[in-house]
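Below is a structure I'd like to ask you about.
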Amino acid sequence: MIKLEQITKQFRLSNGTLTAVDAVDLEIREGEIFGIIGYSGAGKSTLIRMLNGLEKPTGGRVTVNGMEMSKVSGADLRKARQKVSMIFQHFNLLWSRTVAENIAFPLEIAGVKKADREPRVRELIRLVGLEGREDAYPSELSGGQKQRVGIARALANEPDVLLCDEATSALDPETTDSILDLLTDINKRLNLTIVLITHEMHVIRKICHRVAVMEAGRVVEMGDVLQVFRSPQQPITKRFVSQVTESPDVKQAIGQLVSENPDGTLIRLGFVGERTGEPVLARLIRSFDIDVNILQANVSQTHGGTFGSIILNLMGDEAAVAQAVEFLHSEGVETEVIERD
Amino acid sequence: MIEQLFPNVDWEKMWEATLETLYMTAVATVFTFLIGLVLGILLFLTGPKGIYQNRISNLITAAFVNIFRSIPFIILIILLIPLTKFLLGSIRGPNAALPALIIGSAPFYGRMVQIALAEIDKGVIEAARSMGATTWTIIRKVLLPESMPALISGITVTAIALVGYTAMAGIIGAGGLGNLAYLDGFQRSRTDVTMVATILILIIVFAIQWIGDILVKRTDKR
């Protein structure tokens, strides 16, 4: 559906060149929700803008639905953009137009006749749940409602791909969830391919099928969301995963427990899918002569399934602890010993 | 009562002069609006970070704007006498003032248009581009409507400046209230004529400001 081959984007600055995107290869499948996560300045914003030709790559090739976006220009590019629409962090609605007029705007651009625009706009307003607000101006709407208008506007010309540029970053958590639900719903109902960029792992966890992690212009890690959550490889990925699995309080509590219990062994267990339901812990405690202190436990829901993580402090003699860790390994539980500083 | 206060005022002449001032201001404002829009849009689109970055046309437009904005109006009128003669065949009457009025104020308004356009949220322009809009569509459906309140308050200020310019143009024989105040009021020492002409000019200025404020309020949905 979408294919990026060796995509590079450099910006010329007064004091040299900045490589915003550095030799990125990606393939995004039809109908999937693909997330790109990174901190600001990682190049994800530039990357997503190359999917609809708002930015041209310095090198490499971008193909969307068979159309080489990195090459086309003029009328062909404008035509192609109608099928690759975009929503934005700050919504970017025209304040001079009402909700209905904003949604009609892309239809006007596409040359749809007025008589045909009206029923289509009504249908879109119903789809995003804004009935009754047709004649309101954006200044009279809440952030979540504005993004709904943005989504309706993006869907007006029946696109194949929806690009989301930090679409929930300006919204509060509750509104974020309702917008993410709407995106999931649209993805399923219209079989729309969605590419989103974000710096919030929560967004990835909630709706994405696959994720790519970007750092300094490069994709450093990529895979199914569940897989990445269960065993993040890169330090930056671990940081992102800990956004949703660890709160700062717990980190502090662990630090305190480490200093209070100098002789324990801290381990982190990762459970995936059905494993979360199995009584491994009970068997661990029964089978070995050690004390087990649970410092933290949580279960998270991702699009692909459930995963959980537990942090334990094992106390007892060294051999018993080693055997216990060995037991966990043999049970197929992902076990990581947390190093002491 | 009125005749006692203003013994020298010929009300018929005064009315005629008022109409001439209104005529000059209205026609000049319309042309200033249109030419200023073209200049402002050109400056905006070809400027740095514009959609059609083009150093050369930006420099030419900016030079034109800066030169004609800098020439004092009274000098501009004199400089433009040959052009006015060529265009209208005469340098007397309200029409004769129009070339100088328009050329003097359009560059000024052009700068205001450029500033108004620069205030538009860049994200909105990007959104329109992402939908496949042409530059012409962006101008018509994004740039102009989204900057309309600023464009209107700009043309209000310009129209009021034009009222002042018409008074100056009056001195070289273009007619209007300025002409009347100068010839009948000042040169013949009839202070009451000058007073009445001044009051009428004030009323025109207040009316323009009032209309401008209403239009700004009506178009601003932010």
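Bear in mind that the values in this text are calculations on the coordinates, not laboratory data. Everything quoted here is computed from the prediction, not taken from an experiment. When we count neighbours, we look across all protein chains shown, and the Cβ atoms used for this are built from the backbone with ideal geometry, even at glycine.
Can you tell me the orientation of helix A:173-190 relative to chain A, as the angle in degrees between its alpha-carbon axis and the longest Cα principal axis, to the nearest 10?
70 degrees
So what's the Cα pair-distance distribution over chain A, bin width 20 Å, in %?
Whole-percent P(r) values from 0 Å outward: 27, 47, 22, 4, 0.
Label points 7 Å out from Cα along the Cβ direction at A:Ser242 and A:Lys114: separation in nm?
Between A:Ser242 and A:Lys114, the simple spin-label model gives 6.1 nm.
Let me ask another. Whose amide H sits under 5 Å from the amide H of A:Met86, counting only residues 5 or more places off or on another chain, with H placed in the peptide plane?
Sorted by chain and number, the residues that satisfy this are A:Leu163.
Also, quick follow-up: If every alpha-carbon in chain B counts as one equal scatterer, what log10 I(q)/I(0) does Debye give at q = 0.07 1/Å?
-0.28
Right, here's the next one. Given contacts defined as C-alpha pairs under 8 Å and at least six residues apart, what's the relative contact order of chain B, whole-number percent?
Relative contact order here is 27 percent.
Can you figure out the FRET efficiency of B:Ala118 with B:Gln209, using R₀ = 30 Å and their beta-carbon distance, to the nearest 0.05?
Efficiency at R0 = 30 Å is approximately 0.75.
Which length gain, in nm to one decimal place, applies between A:Glu339 and A:Glu174 when the Cα-Cα distance is subtracted from 0.36 nm times their residue separation?
That pair, A:Glu339 and A:Glu174, stretches by 55.8 nm at full extension.
Moving on. Run the quick spin-label model on A:Arg189 and A:Glu158: label points 7 Å from Cα toward the beta carbon, then report their separation in nm to one decimal.
1.6 nm
I need to check one value: relative contact order of region B:85-202, counting alpha carbon pairs closer than 8 Å and at least 6 residues apart, in percent.
About 26 percent, as a whole number.
To continue, here is another question. Using the C-alpha atoms of region A:104-195, what convex hull volume per residue, in cubic angstrom, is computed?
Normalising the Cα hull of region A:104-195 by residue number yields 102 Å³.
Ok, one more. What whole-number volume per residue, in cubic angstrom, does the convex hull of the C-alpha atoms of region B:47-164 give?
Output value, Cα hull per residue: 126 Å³.
Next question, about the same structure. Quick one: if the Förster radius is 22 Å, what FRET efficiency do A:Arg283 and A:Val258 give, using the C-beta to C-beta distance and rounding to 0.05?
0.25
Further question on the same structure: Would you report the distance distribution of C-alpha pairs in region A:44-95 as whole percents per 5 angstrom bin, up to the bin with the largest distance?
4, 19, 30, 23, 13, 8, 2, 0
Another one. Run through the DSSP bridge list for the protein assembly as shown and note the antiparallel percent, rounded to the nearest 5.
Around 70 percent antiparallel, to the nearest 5.
Which trypsin sites (Lys or Arg not before Pro) in region B:17-85 pass both tests, a DSSP loop state and at most 13 other beta-carbon atoms within 10 Å?
B:Lys49
Right, another one. Quickly work out the B:Arg218-to-A:Leu18 label distance, labels modelled 7 Å from Cα along the C-beta direction, and quote it in nm with one decimal.
In this crude label model, A:Leu18 to B:Arg218 measures out at 4.5 nm.
Now, a different point. By how many nm would the segment from A:Lys83 to A:Ser330 lengthen if fully extended, with 0.36 nm per residue of separation less the alpha-carbon distance?
Here the segment from A:Lys83 to A:Ser330 would lengthen by 83.9 nm.
Cα to Cα, under 22 Å, and not fewer than 8 places away if on the same chain: which lysines meet these conditions relative to A:Lys3?
A:Lys44, A:Lys56, A:Lys71, A:Lys79, A:Lys83, A:Lys188
Relative contact order for chain A: what is it in percent, counting Cα pairs under 8 Å that are at least 6 residues apart? The partial results should precede the final answer.
On the way: 629 pairs, mean separation 59.5, N = 341.
17 percent.
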